[in-house]
Every structure is written in C-alpha cells, then in structure tokens.
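A short worksheet on the structure shown next.
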Amino acid sequence: MNQLPLALRWPRRQRFEHFHAGENAAAVAAVQRTVEGGDAPWVFLAGPAGSGKTHLLAAACQAASEAGKRVQYLPLRALRGPAEQAIRGSGGCDLLALDDVDALAGEREAEHALFDLYNRCRAEGATLLFAGSEPPAQLGLTLPDLRSRLGMCTLAMLRPLSEAERRDVLRTRAQARGIELDDAVLDWLFAHHARDLGALSELLDEIDRASLAAKRRVTVPFVRNLLRGGA
Amino acid sequence: MSDLWRRCLERLEGELDAEDLNTWLLPLQAREDEGALRLFAPNAYTLDVVRSDYLERIRAVLEHLNGGAVNVHVSVGSAGAPRAEKPASAPVVNGNASAPATPSHNLDPHYTFETFVEGKSNQLGKAAAMQVAQNPGRAYNPLLLYGGTGLGKTHLMHAAGNLMCQQKPGTKVLYLRSEQFVSAMIEALRAKNMDAFKRRFRSVDALLIDDIQFFAGKDTTQEEFFHTFNALFEGKQQIILTCDRYPKEVDKLEPRLKSRLGWGLSVAIEPPDFETRAAILLSKAHEKGVDVPEDVAMLLARRIRSNVRDLEGALNTLAARANFFGRAISADFAQETLRDLLSTHAQAVTVPNIQKTVADYYQVRLSDLLSKRRVRSLARPRQLAMTLAKELTEHSLPEIGEAFGGRDHTTVLHACRTIRTLMDKDVRLKQDWDQLIRILTG
C-alpha cells in the first residue's frame with residue numbers, strides 16, 4: 001500500500017454542497033441555520049449508519065470554521081480514555097459537534113458529564129450539534145435530565161438514500177474524479193460491500209488510488225482483485 | 001492562520017485518519033512567535049490527546065518543512081487573545097473586583113413570572129416563588145421546588161431572582177447549578193482558597209442552587225453547603241433550591257441537611273395538564289415568532305405529555321420544517337412532519353403496555369385484570385387502565401373494550417366517567433393516576 005499516492009481527504013469533501021440531500025433537505029437546512037444563526041435551536045440528527053450524520057456534522061464544523069468560529073468534532077464512540085473525564089475536559093469551542101451520542105447510553109457518569117457540558121455550553125453561548133442512531137427518547141439514556149434537554153433540540157431525521165440514489169451518488173462522485181463506474185462494477189460493489197455511502201465513498205478512495213497507481217481502468221476483475229487483498 | 005501550521009496540517013492530512021484530524025488537530029489555533037510555534041487547544045482534553053498522541057509527529061513534520069527544529073508549545077487557550085482561558089465551569093460572581101461592570105446577578109432575563117405559564121400543576125410553586133421574591137429571606141426560607149425534569153423549576157427560580165432585582169436594584173443574587181458549586185469548591189480546596197469561597201457564597205442576598213440531588217454522595221460538598229446554608233439562614237439571606245424529587249427521598253444526602261431543607265417551604269411542581277401544555281406551547285410559539293394555530297397546539301399537547309422541553313423540541317422541529325418548505329403550520333402539516341417525533345412519544349404507550357404497567361402497579365395478575373371478575377380490588381385498576389388507554393392511545397372505545405377481555409364500549413365509557421369523577425375527590429387515586437402517567441410517558 002505504501003506506494004499509493006497520498007490523497008487530500010476529508011474534510012475537504014464533507015461540505016454541505018457535497019451532501020446528497022434527497023429527502024433529507026430539511027434536515028440539512030436545519031443544521032445550516034443553527035451554524036449560521038445566533039439563536040436558532042440546537043439540532044439533534046437521528047438516523048441509521050450511512051444516512052449522513054457524520055458528513056453533516058463535519059460540514060457544519062467546516063462552515064463554522066470558515067466563518068471564523070472555533071469548532072470541534074467529537075465522536076463519542078471513539079473518545080480517548082474514560083468517557084466521563086474526556087467529556088468533562090471538553091468545551092471551549094463556539095461549535096461542538098457530538099457524534100454517536102448512543103455510545104454513552106447507560107453510562108451514568110458519562111451521561112452526567114454530557115449533561116454538564118450541555119449546561120456549560122448553553123451558559124457560555126456556544127452551539128452544540130448532536131447525532132445518534134435514534135431520537136433522544138429512544139437512545140436508552142438513563143439520566144432524565146439529559147434526555148429532556150436533548151429532547152428540546154430540533155429533531156432532524158435522516159433517512160438513508162435508496163439503492164438507486166446511492167448508485168447515482170457513487171457514480172457522480174466517481175465521475176468527479178474521472179473514473180467511469182459501469183453498471184457491472186456498481187452491481188458488484190453493492191453486492192459485496194457495505195451499502196452505506198460513507199463506506200462506499202471510502203472504497204472509492206481506495207479504488208481511485210489503486211487505479212491511478214496501477215494505471216488501469218476500473219473493471220470488475222480489477223475491483224475484485226483489489227478489495228480481496230490481491231493488489 | 002500561521003502559514004507553517006497550515007503546511008503542517010496539509011502534510012498530516014495525508015497521513016492521519018480524517019476523523020482524528022478533524023477531532024484533534026483542526027480545533028487547534030496557531031501563532032508564530034519569534035521562531036516558536038504556539039498551538040492553542042480549546043480545552044484540557046484536546047490538549048492531553050495532542051500532547052500524548054500527536055505532538056511528536058507535529059514536531060517532526062515542522063522540522064522537515066522548516067528545514068530545522070521548531071520550538072512548539074501547546075496550551076489551552078486562544079491564538080487571538082493571549083490571556084488565560086477562564087475556567088469553564090466557574091460561575092459568574094458578583095462583586096468581583098476585576099469586573100466592576102458585571103451586574104449584581106447572573107440570571108437569565110428571559111425567565112420571568114410574565115413568561116411563566118401557570119396551571120394547576122405549578123400554581124402553588126409560582127405563588128411561593130413570588131412571595132419569596134417580594135419578601136426575600138422572610139417569607140419562606142429556604143424555598144425548595146421539586147419535581148421531574150423539564151417542568152419549570154429553573155424558570156421559577158430565575159423569575160424569583162429577577163423579581164428581587166427588579167424590586168430592589170443592586171440585590172446580589174447568585175444562581176448556580178449544583179455542579180458549579182461542586183467545582184467551585186474543589187477549585188477553592190485545590191487553591192487553598194476556602195476563605196474566599198465562603199465569603200463569596202455568604203455575601204449574597206439570595207443564593208439559588210439548581211438540582212441539588214446531584215450533591216448526593218458528595219460528602220465534602222454537602223458539608224460545605226451545610227455551613228453555607230446555616231450562615232445564609234441566620235443572616236436572613238434567601239435560599240432557593242430545586243431538586244428532582246422530595247429531598248427526603250434522595251439517597252446519600254445527609255440527614256441533617258435533609259432536615260434543614262424542610263425548614264422552609266417545599267413545593268412540588270407537577271407535570272402540566274393538557275390545557276397547560278397547550279397554553280405553554282402557544283406561549284413558546286409566540287416567543288419564537290412562530291404561528292401555531294390552536295388545533296395544532298392541542299394536537300401536540302395531547303400527544304406529548306412528558307415535559308415542557310419535549311414540547312419545545314416538537315415546536316422547534318415543526319418550525320424548522322415549516323420554514324424550510326415555506327408552509328403554514330396546519331394540523332395536517334403537524335401530523336405529517338411530526339410523525340417521527342410523535343411516534344417516539346406514542347411508541348411506548350400501547351394498550352398491552354398500559355395493562356401490564358397497571359397490573360404491576362397494583363400488584364395484580366394481568367390475567368385477573370383482563371378477566372370478568374368484578375371484585376373491587378380488580379375493578380378499580382381495570383377502570384383506571386381503560387381510562388389510561390383512552391387518554392394515551394388513539395384507540396376507539398370499542399377497540400379498548402375488545403382489548404380488555406371483549407367488553408362493550410359502554411363499559412369503557414362508564415369506566416372513564418367513573419375515574420374522572422373519583423379523581424376529583426380521591427387524592428390517592430389521583431396520585432396513582434399521575435404516577436402511572438409518568439411511568440407510561442416518562
């Protein structure tokens with residue numbers, strides 16, 4: 001792998017304009033308003049894996065950062081060290097995007113720390129954005145004080161795109177890099193790999209780099225060979 | 001941004017996981033100072049991670065880009081202002097010599113008695129808070145407001161503080177969340193500064209502390225709060241506290257503290273009833289400049305019973321979508337857009353769920369509850385369960401009758417009327433009802 005060309009990756013591509021909104025346009029607009037507006041309510045994004053939660057949070061961070069605000073994206077599933085301590089040590093930003101709120105459900109001390117962070121950010125005039133697989137009431141949070149505060153957010157439900165839409169998006173993204181993905185390759189990818197766009201886009205990165213390095217057209221045998229570890 | 005840092009980030013972008021980059025490195029701010037690069041982390045947690053996981057690599061990349069070693073410092077702070085970051089959780093304090101312009105309180109001006117929607121569930125609390133505000137230190141001391149989350153305790157507390165300041169400008173009111181009290185104390189202990197801590201809390205005219213249930217199990221905090229409480233009480237300075245339940249029911253709260261909390265007046269704030277929920281919703285909509293017709297307010301009030309925050313969340317969600325689609329908020333629009341949100345509240349409440357909850361509550365067997373037996377010990381819970389089913393679900397009377405062992409719809413209707421009438425007279429039954437609603441919709 002080490003002879004593959006280095007790519008400039010996310011966050012460059014995870015911007016609002018690269019988000020394929022489909023049915024989720026209202027959710028995108030709600031996030032954008034919160035990023036722009038002073039007193040728009042905070043937003044809770046709810047949707048299954050692959051529905052675009054992380055993309056939207058990253059896009060929000062970028063937009064706010066470009067507007068001169070201090071931002072941080074914090075995936076609660078991947079905290080370093082004990083969650084409670086990590087959350088208690090967080091803050092100090094104008095915009096804080098908290099991904100994977102599910103990860104804290106049932107961890108009483110961590111939930112309490114998030115409850116405190118919520119209050120602290122509110123008092124300091126900072127903005128919080130949240131994302132989780134389900135709406136706050138269904139996450140299985142044990143601290144009612146936290147659940148009710150998250151319940152006050154604007155709830156933006158994200159639906160995963162249909163397979164047809166995902167194919168279109170993937171094809172367009174590939175075209176933007178000068179790769180032609182024909183139906184056979186798309187069929188193969190959808191049959192053999194995770195179907196959410198995040199995973200598929202990462203796969204596309206890999207295919208792109210490999211085809212560049214090998215100077216080969218993207219065909220089913222090429223992709224199969226690459227992804228089965230035979231490159 | 002420092003050019004050197006920008007180039008360093010570009011290099012790291014290629015080698016680090018994108019998510020890590022976004023989480024740990026993009027929030028850093030940089031400033032070049034006489035050959036040194038100063039990096040500022042927004043908080044202590046980021047600082048720790050950057051130091052332990054990335055600093056070495058950053059140094060190496062910078063050295064490579066710069067063609068020689070670069071002196072790198074990382075600290076918590078901001079590149080724009082070289083001053084030290086203020087401790088995040090320390091409360092704003094009055095009479096702070098370094099900030100003479102701060103007002104004599106740190107209250108939220110939006111929380112007033114005028115913006116508080118009164119109903120049966122909270123009118124005692126409101127009356128008590130007003131009396132305390134009009135006669136601080138003398139009417140009821142302490143005033144303790146207790147009840148579930150999101151029912152308006154904090155609103156009343158701030159409203160009392162705001163009214164005190166309005167009636168007597170210059171009144172020193174200090175509002176804190178309980179954890180701010182805890183961290184202020186820990187900080188004072190660490191800095192060996194307890195005298196200043198004591199002075200600060202004992203020099204106010206009114207001390208307002210929110211959610212004191214979180215003092216549970218924190219013995220040193222309780223000890224210190226106990227002394228603060230005594231000093232304020234003796235000085236006839238007002239104390240207002242909130243708690244999520246009657247303090248005697250809070251575990252790991254010292255008995256002597258519990259007993260003092262009972263010296264003044266404790267008032268329960270109950271979940272708002274249907275009319276109050278609708279009125280709250282209309283009032284919030286008005287505040288936000290959102291046009292919500294009465295039938296929509298009633299629709300939401302009927303479906304969302306848990307607390308005021310959930311109502312506000314529903315309103316926010318509705319307003320955001322109406323705004324995006326350029327549509328007026330009609331009952332149809334509300335039904336359609338809030339399907340997801342409402343279903344999260346409605347989901348837990350099904351007829352079988354109600355039956356099981358009621359059976360558990362009264363410790364009767366589910367099969368007995370659904371049987372034809374008519375002994376009082378079964379009939380009353382059964383009637384209550386039917387009424388709850390009518391109240392909490394969208395099922396018709398015949399459907400509910402069917403679900404209760406194939407009874408006629410007139411039986412259900414009779415049950416609903418009986419329970420309604422009894423609740424006005426029978427306090428015990430009313431308590432059971434409220435408790436069951438809380439269990440089913442909480």
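In whole percents, the pair-distance distribution calculated for segment A:16-157 from its alpha-carbon pairs, binned every 10 Å from zero, is 12, 47, 35, 6. A Förster radius of 60 Å, combined with the Cβ-Cβ distance separating B:SER75 from B:ALA127, puts the computed FRET efficiency at roughly 0.70. Given the C-alpha centroids of segment B:110-180 and segment B:350-407, what is the distance between them in whole angstrom? Segment B:110-180 and segment B:350-407 have Cα centres separated by 40 Å. Per-residue 3J(HN,Hα) values for segment B:361-367, derived from phi via the Karplus relation 6.51 cos²θ - 1.76 cosθ + 1.60 with θ = phi - 60°, read 4, 8, 6, 10, 6, 4, 5 Hz in sequence order (x marks Gly and Pro). Shape class for segment B:351-441, computed from the alpha carbon gyration tensor (a ≥ b ≥ c): rounded, with a/c under 1.5.
When shorter helices are ignored and each DSSP H run of at least 4 residues is given -39500 (n - 2.57), the per-residue value for chain B at 222 nm works out to -16000 deg cm²/dmol.
Once R0 is set to 35 Å, what does the formula 1/(1 + (r/R0)^6) return for the Cβ-Cβ distance between B:THR220 and B:LEU429, expressed as a FRET efficiency to the nearest 0.05? It comes out at approximately 0.20. Counting every alpha-carbon pair across chain B, the share separated by more than 38 Å comes to 46%.
Work from the charge dipole of chain A (Cβ charges, +1 for Lys and Arg, -1 for Asp and Glu, about the Cα centre) and give the residue of A:ALA113, A:ALA213, A:GLN72 farthest towards its positive end. Checking the options against the dipole of chain A, the answer is A:ALA213. Descending by average beta-carbon neighbour count within 10 Å, the peptides B:427-433, A:25-31 line up as A:25-31, B:427-433, the highest first. The mean number of Cβ atoms from other chains found within 10 Å of a Cβ in peptide A:70-77 is 5, as a whole number. Across segment B:3-76, the fraction of Cα-Cα pairs farther apart than 16 Å, rounded to a whole number, is 43%. Across segment B:319-326, coupling constants 3J(HN,Hα) worked out from phi with the 6.51/-1.76/1.60 Karplus curve, θ = phi - 60°, read 4, 5, 6, 4, 4, 5, 8, x Hz, and Gly and Pro carry x. Net charge in the neighbourhood of B:HIS105 (other residues with Cβ under 11 Å of its Cβ; Lys, Arg +1, Asp, Glu -1) is -1. Taking a cut-off of 13 Å between Cα atoms, list the aspartates and glutamates near B:LYS172, but don't count ones fewer than 8 places away on the same chain. In chain and number order, the partners are B:ASP205.
Taking every residue in B:207-220, how many Cβ atoms of other protein chains lie within 10 Å of its Cβ, on average? Average per residue, whole number: 1.
Normalised by 2.2 N^0.38 Å, with N the number of residues, the alpha-carbon radius of gyration of segment A:156-231 equals 1.08.
Work from the charge dipole of segment A:16-157 (Cβ charges, +1 for Lys and Arg, -1 for Asp and Glu, about the Cα centre) and give the residue of A:SER51, A:ILE87, A:PHE19 farthest towards its positive end. So the residue furthest toward the plus end is A:ILE87. Net charge of the neighbourhood of B:VAL70, taken over other residues with C-beta under 15 Å away and scored Lys/Arg +1, Asp/Glu -1, is +1. For the listed peptides B:63-69, B:164-170, a ranking on the average number of other beta carbons within 10 Å per residue, highest first, reads B:164-170, B:63-69.
Cα extents for segment B:265-337 along the principal axes, largest to smallest and rounded to whole angstrom: 49, 20, 16. Judged by the mean number of other Cβ atoms found within 10 Å, the most tightly packed of the peptides A:216-224, A:134-142 leads the ranking A:134-142, A:216-224. Taking 0.36 nm per residue of separation and subtracting the Cα-Cα distance, full extension of the segment from B:HIS286 to B:ARG7 would add 95.4 nm.
Put a dot 7 Å past the Cα of B:GLN363, heading toward its Cβ, do the same for B:HIS110, and the two dots end up 4.6 nm apart. One Cα centroid belongs to segment B:249-318, the other to segment A:34-111; the line between them spans 27 Å.
Here the spin labels are modelled as points 7 Å beyond Cα on the Cα-Cβ line, and at A:ALA67 and A:THR219 they lie 5.0 nm apart. Evaluating 6.51 cos²θ - 1.76 cosθ + 1.60 at θ = phi - 60° for every residue in segment A:211-224, the Karplus couplings come out as 6, 5, 5, 8, 6, 10, 6, 8, 10, 4, x, 4, 5, 4 Hz, glycine and proline recorded as x. Rounded, prolate or oblate: which fits the protein assembly as shown when a ≥ b ≥ c are the square roots of the eigenvalues of the alpha-carbon gyration tensor, with rounded for a/c under 1.5 and prolate only if a/b beats b/c? Since a/c reaches 1.5 but b/c is at least a/b, the shape of the protein assembly as shown is classed as oblate.
Peptide A:85-91 has a mean of 6 when you count, residue by residue, the C-beta atoms of other protein chains within 10 Å of its C-beta. A crude spin-label estimate for the pair B:ARG51 and A:HIS192, with each label 7 Å from Cα along the Cβ direction, gives 4.8 nm.
All of the numbers you see were taken from the coordinates with simple rules; none came from a lab. What you see is a predicted model, and the numbers here were worked out from it, not measured in a lab. For neighbour counting, all protein chains shown are included, and Cβ atoms are generated from backbone atoms with ideal geometry for every residue, glycine included.
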